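Below is one structure, written out as structure tokens; comments come after it.
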Amino acid sequence: DPGLILRLGELAAARRGGQSAWWRQRDQFDLPLVVRLTAHQSSDADLVSRVVGVLEETGLTVDELAVSMPADVLPVTDAADNLAVLAGMGVHVGLDDFGLGPLDPAIVSDLPVKSVRVARSLVERRSPYVTALMPLVRGAGLAVAVDGIAGAEQAHWWRAAGADFATGAHFGAAETPGDFLKRWESR
């Protein structure tokens, strides 16, 4: 049921937003909350009102929220409109599964996108083609994130290629908020 999926996504975003607000109140977290949307959520005609509702419910401001959409939904009118409206509100908008194809830098230069997350298949390949296109993406003013970094060599390669952010097993395993807080407080 698409309606149920949208509501579950909204509830999950509200919960994460509440956790983010809790961390901020304790001066232990000052990075934006990043919500990765599905293709269905991205093209939802009510997405903007859902985001506004989550902001109101959690007390987060637009500059404390970042949303990302799968890059392949941009041809869908509602998704492109949602992206533009959210960006116009001041929400950081990014694209996931960005292909770094020859036309991709031109496409995003026409949109109010601030960051891209490189498609995982490209993260693993590390081809010279990617390094040749990275300056175009960076020249468009976009931050570049990569996900799925498994080791030091791969991390070094992407750092040299121009990536701004990276996640993956190389940087540590995912933790629950409670476990992270325990480790954070024991420093």
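Some observations on this one:
- Note on A45 and A150: the model spin-label points, each 7 Å out from Cα along the C-beta direction, lie 4.5 nm apart.
- Charge tally in the Cβ shell below 11 Å around Q154, where Lys, Arg are +1 and Asp, Glu are -1, Q154 excluded: +1
- Using a Förster distance of 25 Å, the FRET efficiency for A132-D164 (Cβ separation, nearest 0.05): 0.90
- Distance from the Cα centroid of the stretch 117-187 to that of the stretch 45-78 is 23 Å (rounded to whole angstrom).
- Counting 0.36 nm for each residue step from E175 to D63 and taking away their Cα separation leaves a gain of 37.8 nm.
- Average projection area in nm² (convex hull over Cα atoms of the stretch 101-187, one quarter of hull surface): 7.0 nm²
- Applying the Karplus relation 6.51 cos²θ - 1.76 cosθ + 1.60 with θ = phi - 60° to the stretch 137-145 yields 3J(HN,Hα) values of 5, 5, x, 7, x, 9, 7, 10, 10 Hz, where x marks Gly and Pro.
- For q = 0.09, 0.10, 0.14, 0.18 Å⁻¹, Debye-computed log10 I/I(0) when each Cα of the stretch 32-144 counts as one equal scatterer: -0.23, -0.29, -0.55, -0.87
- Long-range HN-HN contacts of L33 with modeled amide H, under 5 Å: L65, A66
Laboratory data are not the source of any read-out in this text; all were calculated from the coordinates shown. Being a predicted model, the structure only gives us computed values, none of them experimental. Reconstructed Cβ throughout: ideal geometry from the backbone, glycine too, with neighbour counts over all protein chains shown.
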